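Enquirer: This is the structure I have questions about; it appears just below.
The values are calculated or read from the model by the stated rules, or taken from the named source; none is laboratory data. None of these values were measured; they are calculated from a predicted model. As a convention, Cβ positions derive from the backbone with ideal geometry for all residues, glycine included, and neighbour counts pool all protein chains shown.
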Amino acid sequence: MKTKVLVLVFLLVLLSTPVVHAEDALDWYTKGQYAAMVGNYAEALTCYNNALALDTKYAPALSGKAVVLNNLGRYDEAINAADAAIAIKSSDVNALNARAYGLLKSGRYGDSITAYDALFSGGYIRSDAYCNQGYAYLMLNKSDNAVISSEKCTTIDPKNLDGWNQKGLALMNLGRYQDALNAYDQATKITVNNADIWNNKGLAFTALGRSQDALQCFNKALGLKPDFADALMNKESVMGKLQVVNISGTITPTVTISRIGTLLTPSQLPTQDTPQETLTSVIPRTTVPVVKKTTYSPISPITTLMGVFVVCGFMLAVQRIRK
């Protein structure tokens with residue numbers, strides 16, 4: 001009887017114990033995707049590495065790793081991971097996109113352009129990718145190509161602010177100031193709260209000799225960003241306080257890029273179909289708080305005298321108790 005009871009208890013314990021499944025590469029990859037989607041890139045990288053430890057040829061984990069490495073600013077490693085994924089699966093759009101973006105951020109603009117062409121040849125059509133390619137062309141001073149890529153970006157996404165802004169910059173480089181102004185008109189229809197766009201639009205008006213309109217644009221830029229040095233300089237130039245802005249020739253990418261806030265806004269969700277890459281040119285400013293000093297006033301004579309009285313009283317009381 002006791003034996004039967006023990007067997008029954010053993011079976012109940014066994015049945016009530018949860019079954020622990022060993023995690024495979026897919027499990028770790030899925031965890032990595034969730035972590036990346038909420039912006040926890042360090043955890044996502046760990047998950048992808050765990051998946052690859054179980055299966056070194058798991059292409060989705062390699063491409064996911066490339067995406068999060070880009071987000072961590074580790075571009076050379078991202079390119080290597082993307083190359084490994086592409087070697088396994090040449091049509092992996094996440095890997096192709098991550099590779100092109102890593103090259104862009106590494107300053108390898110020519111290679112990045114070629115990489116984006118490889119992405120597009122596979123039928124991958126996305127506005128931010130064309131915008132990124134346009135940026136690479138702009139940095140190489142190939143403004144005609146920059147216009148074409150930017151136009152493809154805005155055709156796919158007419159509300160892509162960065163695409164219109166970038167197109168305007170390229171057109172300014174080509175001396176097509178009215179066309180540039182038209183691009184900035186589209187940008188200000190999307191939002192009136194971007195100081196960089198107003199500054200660039202003001203430069204287009206300046207080039208067209210429309211100083212009053214330019215002045216209004218610079219004022220709007222300064223209304224949104226009072227410490228905007230470029231807009232202030234341009235305003236003073238238009239008002240005749242400084243040398244008039246001369247943009248009759250070409251505007252190099254280095255100069256014009258410094259006048260804009262964010263050039264590119266790719267997708268924020270690193271999924272297999274929509275990889276995540278973001279390129280910004282704004283460096284957040286941080287302020288160091290001033291350490292507050294605490295000062296102490298010296299002890300007054302009255303306070304000292306009162307302390308002496310308290311101590312003496314305490315000592316008398318102790319002597320009485322002893323007696």
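Enquirer: When you scan region 163-179, do you find a residue that is among the acidic types (Asp, Glu), modelled with pLDDT of 95 or more and more than 28 Å from the chain's Cα centre (by Cα), even just one?
Expert: Yes; the residues of region 163-179 include at least one that is among the acidic types (Asp, Glu), modelled with pLDDT of 95 or more and more than 28 Å from the chain's Cα centre (by Cα).
Enquirer: I would also like to ask the following. Looking only at region 171-202, how many residues end up being of a type in the set (D, E, K, R) and assigned to a loop (DSSP other than H, G, I, E, B)?
Expert: Total meeting the criteria: 1.
Enquirer: Tell me, which helices (runs of 4 or more DSSP H) wholly within region 96-170 include 2 or more residues that are over 25 Å from residue 199 (Cβ atoms) and among the hydroxyl-bearing types (Ser, Thr, Tyr)?
Expert: The qualifying helices (runs of 4 or more DSSP H) are 109-121.
Enquirer: Which residue, of 73, 39, 64, is on the phi > 0 side of the Ramachandran plot, at pLDDT 95 or above and out of contact with any Asp or Glu (no Cβ under 8 Å at 6 or more places or on another chain)?
Expert: Every option except 73 fails the conditions.
Enquirer: If you don't mind, there's one more thing I want to ask. Can you tell me which residues in region 106-120 are of a type outside the set (A, V, I, L, M, F, W, C) and farther than 15 Å from residue 134 by Cβ?
Expert: Once the filter is applied, which keeps residues that are of a type outside the set (A, V, I, L, M, F, W, C) and farther than 15 Å from residue 134 by Cβ, region 106-120 yields 106, 107, 108, 111.
Enquirer: Is it fair to say residue 103 is among the hydrophobic types (A, V, I, L, M, F, W, C), under 20 Å from the mean Cα position of the chain (by Cα) and either more than 29 Å from residue 185 (Cα to Cα) or surrounded by fewer than 17 Cβ atoms within 10 Å (Cβ to Cβ) (or both)?
Expert: yes
Enquirer: Identify the residue in region 196-234 that is of a type in the set (Asp, Glu) and crowded, with 16+ Cβ neighbours inside 10 Å and, among all such residues, is farthest from residue 176 (Cα to Cα).
Expert: This residue is 230.
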